[in-house]
Amino acid sequence: MRRFPSIKKNTDFRRIYHTGISKAAGVLVMYVEDNDTESNRLGISASKRMGNSVVRHTFARRIREIFRKHNNSTVQGKNIIIVARNHAAEADFAKLEKDYLRLLQGHGLMKEN
């Protein structure tokens, strides 16, 4: 089984926060930066204010699944960080997916069919 393409290092997160482009929609904020590879990497940030570890990990699993589901229709070679805003824990999968797709379009990362 292949590893999930994720961003884990704090230095990577800080660099992307500082140099990346951010946009917000609904309960999500997305930071995007080029990564000079042929695939996308995903980082997820959820504050402890969001809830306990079960709540945060449920949110992270949903975001990873949305990323995996739409990765083929996304422009490749980007570092993407998703930050949870207030009330992201209460959002269902459909709301998270809608906001994620709106952010991809806002950043111009959706491939033309």
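Some points to look at:
- Subset of region 22-41 (residues that are among the polar types (S, T, N, Q), closer than 17 Å to residue 70 by Cβ and buried (at least 17 other Cβ atoms within 10 Å of the Cβ)): 40
- The one condition in (1) aliphatic (A, V, I, L, M); (2) part of a helix (DSSP H, G or I); (3) crowded, with 19+ Cβ neighbours inside 10 Å that residue 94 fails to fulfil: (3)
- One residue stands out in region 4-21 among those that are in a helix (DSSP H, G or I) and not hydrophobic (A, V, I, L, M, F, W, C): the one that is surrounded by the most Cβ atoms within 10 Å (Cβ to Cβ), namely 12.
- Answer residue from region 82-91, given it is in a strand (DSSP E or B) and either in contact with a helix residue (DSSP H, G or I) (Cβ under 6 Å, 6 or more places away or on another chain) or without any contact (Cβ under 8 Å) to a residue 12 or more places away in the chain (or both) and is farthest from residue 111 (Cα to Cα) among those: 84
- Any chance residue 44 is closer than 26 Å to residue 87 by Cβ and surrounded by fewer than 15 Cβ atoms within 10 Å (Cβ to Cβ): no
- When 39, 47, 6, 73 are screened for being at pLDDT below 95 and under 11 Å from the mean Cα position of the chain (by Cα), only 6 passes.
- Conditions (1) outside any helix (DSSP H, G or I); (2) at pLDDT 95 or above; (3) of a type outside the set (Gly, Ala, Ser); (4) exposed (fewer than 12 other Cβ atoms within 10 Å of the Cβ); number of the one not met by residue 79: (4)
- Members of region 57-81 found to be under 20 Å from residue 16 (Cβ atoms), touching a residue at least 24 places away in the same chain (Cβ under 8 Å) and touching a strand residue (DSSP E or B) at 6+ places or on another chain (Cβ under 8 Å), listed by number: 59, 63, 64, 67, 74, 75, 77, 78, 79, 80, 81
The values are calculated or read from the model by the stated rules, or taken from the named source; none is laboratory data. Keep in mind it's a predicted model, so treat the numbers as computed, not measured. Cβ coordinates were reconstructed from backbone atoms using ideal geometry, including for glycine residues, and neighbour counts include every protein chain displayed.
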